[in-house]
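Visitor: This is the structure I want to talk about, given as structure tokens.
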Amino acid sequence: MSPEDQLKILKSNTEDLIEESELLERLKMGRPLRVKLGVDPSRPDLHLGHAVVLRKLRQFQDLGHTVVLIIGDFTARIGDPSGRSKTRPMLSAEETKQNAISYQEQAFKILDKSKTELRFNSEWLDPLKFEDVIRLASKYTVARMLERDDFEKRYRAGEPISIVEFLYPIAQAYDSVAVKCDVEIGGTDQKFNLLVGRKYQEEFGQPPQIVLTMPIIEGTDGTLKMSKSYGNYIGLTDSPDDIYGKIMSIPDTLMFKYAKLLTDLDAEKAKSDIESGKLHPMEFKKSLAFEIVKWLYSEKDANFAQEKFVTTFSKKEIPDDVPVINGINGIRLTQFLKDIGAVSSASEAKRLISQNGVKINEEIVEDEMSLTNFKDGDILKVGKRKIYKIVLRS
């Protein structure tokens, strides 16, 4: 494929590309580019928000380029302050090690392992002496650091900013120097850090890396960015049924963004067809859910997930494999829902009840303070996807 055709694919759906002309020139060199993604294993699980960036990396791999996946086992102990209103807690070495193992397994659901160079940044950051750190820090000014949006807001608000947080972008930039990066990819919230990488490569006599950022997608609520802390995420290790069901629950306005960033579906045509009445939104959303499950698992899993969804939610039937749970009477329903794992907290249970999201035998539970009073064989529905059959044991 010509450099120009590669560029067209690689810049599709990107937010920032600094600089496009530089990327074209490197593509014209005819050698595999070294495309870096630095990830801190601060959590053990990934979601579709991470998949947006991983999918772009896979495009580079499919065009013959090498992905350098850097596990930030050193920088995770600092904690990336991007988008944070306060200093992040540092992780232990053992926590980062366990999270890193989980991260790799999930990332390789999308990346081609044979075209991925896996590195840990403790390899070059651990050996640095204090003198080395001072020399690195001398190459960047406090004024430039405060140009970063979240730092500037915190500084103006009189909120504390640790010196350690200033060192994080420098450490990440040094990663680019260590692996001789051609292109670095990240979400839009990483733009400042990636630009610092360009500066440091120039300081070390290397060609500055091209910076490519991808949009950040909203979670299932359609408002907040996808995050486990917001409870609106779709995990890469969620079951095919859960992924399919969660995709079907997103607002219609969000499905075009998901389609554009996570699939090869023609989002613009679908939007036009829906607006003209040629296509029902539900049908497109089913196609979207199917494609994402197929991508992360298999076509067989996608078919099963779709069939189960149609049977359970479209035809209002109870699936044969619905979980059977022991009903306990006389306790708060909110506590019962938490105890069986249907919700993560009693407050989430209260929120679902207030939104008419909990039903027993299709009757809406309206009282947040109600006590359980189950009968053998009752069907309990929690939210849009969770169904349980109650059994009473003596």
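Visitor: Which of the following residues is among the small types (G, A, S), modelled with pLDDT under 90 and over 21 Å from S138 (Cβ atoms): S249, S239? Outline the logic, then answer.
Guide: Values: S239 fails: modelled with pLDDT under 90.
After applying the criteria, what remains is S249.
Visitor: With respect to I101, is the statement that it is more than 26 Å from the chain's Cα centre (by Cα), part of a helix (DSSP H, G or I) and β-branched (V, I, T) true?
Guide: Details: more than 26 Å from the chain's Cα centre (by Cα): no; part of a helix (DSSP H, G or I): yes; β-branched (V, I, T): yes.
Judged against the criteria, I101 is not a match.
Visitor: Residues that are of a type in the set (S, T, Y) and farther than 30 Å from E95 by Cα: does the stretch 14-36 have at least one?
Guide: To start, the set of residues in the stretch 14-36 that are of a type in the set (S, T, Y) comprises 14, 21.
Going one step further and asking which of them are farther than 30 Å from E95 by Cα, we end up with 14, 21.
Yes, some residue in the stretch 14-36 is of a type in the set (S, T, Y) and farther than 30 Å from E95 by Cα.
Visitor: Is it fair to say G357 is at positive phi and either of a type outside the set (S, T, N, Q) or open to solvent by less than 50 Å² (accessible area, probe 1.4 Å) (or both)? Write out each step before concluding.
Guide: Working: at positive phi: no; either of a type outside the set (S, T, N, Q) or open to solvent by less than 50 Å² (accessible area, probe 1.4 Å) (or both): yes.
Considered against the rule, which asks whether it is at positive phi and either of a type outside the set (S, T, N, Q) or open to solvent by less than 50 Å² (accessible area, probe 1.4 Å) (or both), G357 comes out as no.
Visitor: Could you tell me which numbered condition T116 fails, if it satisfies all but one of (1) open to solvent by 40 Å² or more (accessible area, probe 1.4 Å); (2) modelled with pLDDT of 85 or more; (3) of a type outside the set (K, R)?
Guide: (1)
Visitor: Looking at (1) over 30 Å from R26 (Cα atoms); (2) of a type in the set (A, V, I, L, M); (3) open to solvent by less than 60 Å² (accessible area, probe 1.4 Å), which is the one condition that is false for I185?
Guide: I185 satisfies all of (1) over 30 Å from R26 (Cα atoms); (2) of a type in the set (A, V, I, L, M); (3) open to solvent by less than 60 Å² (accessible area, probe 1.4 Å) except (1).
Visitor: Still on this structure: Could we say that Y233 is assigned to a helix (DSSP H, G or I) and touching a residue at least 12 places away in the same chain (Cβ under 8 Å) here?
Guide: Working: assigned to a helix (DSSP H, G or I): no; touching a residue at least 12 places away in the same chain (Cβ under 8 Å): yes.
Against the criterion (assigned to a helix (DSSP H, G or I) and touching a residue at least 12 places away in the same chain (Cβ under 8 Å)), Y233 does not qualify.
Visitor: Please return the ranges of strands (runs of 3 or more DSSP E) entirely within the stretch 1-86 where 1 or more residues are at pLDDT below 95 and under 15 Å from the mean Cα position of the chain (by Cα). Working first, answer last.
Guide: Details: elements: 16-18, 34-39, 66-71.
Answer list for the stretch 1-86: 34-39.
Visitor: Now for a different question. Starting from the stretch 190-201, take each residue that is open to solvent by less than 10 Å² (accessible area, probe 1.4 Å) and list its partners that are among the acidic types (D, E) and outside any helix (DSSP H, G or I), counting only C-beta distances under 8 angstrom and pairs at least six apart or across chains.
Guide: Final answer for the pair search is N193/D80; L194/E184; G197/E184.
Visitor: When the residues of the stretch 241-266 are narrowed to those that are part of a loop (DSSP other than H, G, I, E, B) and over 15 Å from M226 (Cβ atoms), which ends up least open to solvent (accessible area, probe 1.4 Å)?
Guide: Taking the stretch 241-266 as the starting set, the residues that turn out to be part of a loop (DSSP other than H, G, I, E, B) are 250-251, 263-266.
So of that shortlist, the ones also over 15 Å from M226 (Cβ atoms) come out as 263-266.
Details: T263: 12, D264: 142, L265: 50, D266: 92 Å².
Only one residue fits best here, namely T263.
Visitor: With the checklist (1) touching an Asp or Glu at 6+ places or on another chain (Cβ under 8 Å); (2) among the aliphatic types (A, V, I, L, M); (3) more than 23 Å from N121 (Cβ to Cβ) in hand, flag the one item L33 doesn't pass.
Guide: (3)
The values are calculated or read from the model by the stated rules, or taken from the named source; none is laboratory data. Since the structure is predicted, the reported quantities are computational estimates derived from the model, not experimental observations. As a convention, Cβ positions derive from the backbone with ideal geometry for all residues, glycine included, and neighbour counts pool all protein chains shown. Ligands, DNA and RNA are excluded from the accessible area calculation, which covers all protein heavy atoms including side chains. Shrake-Rupley method; radii C 1.70, N 1.55, O 1.52, S 1.80 Å.
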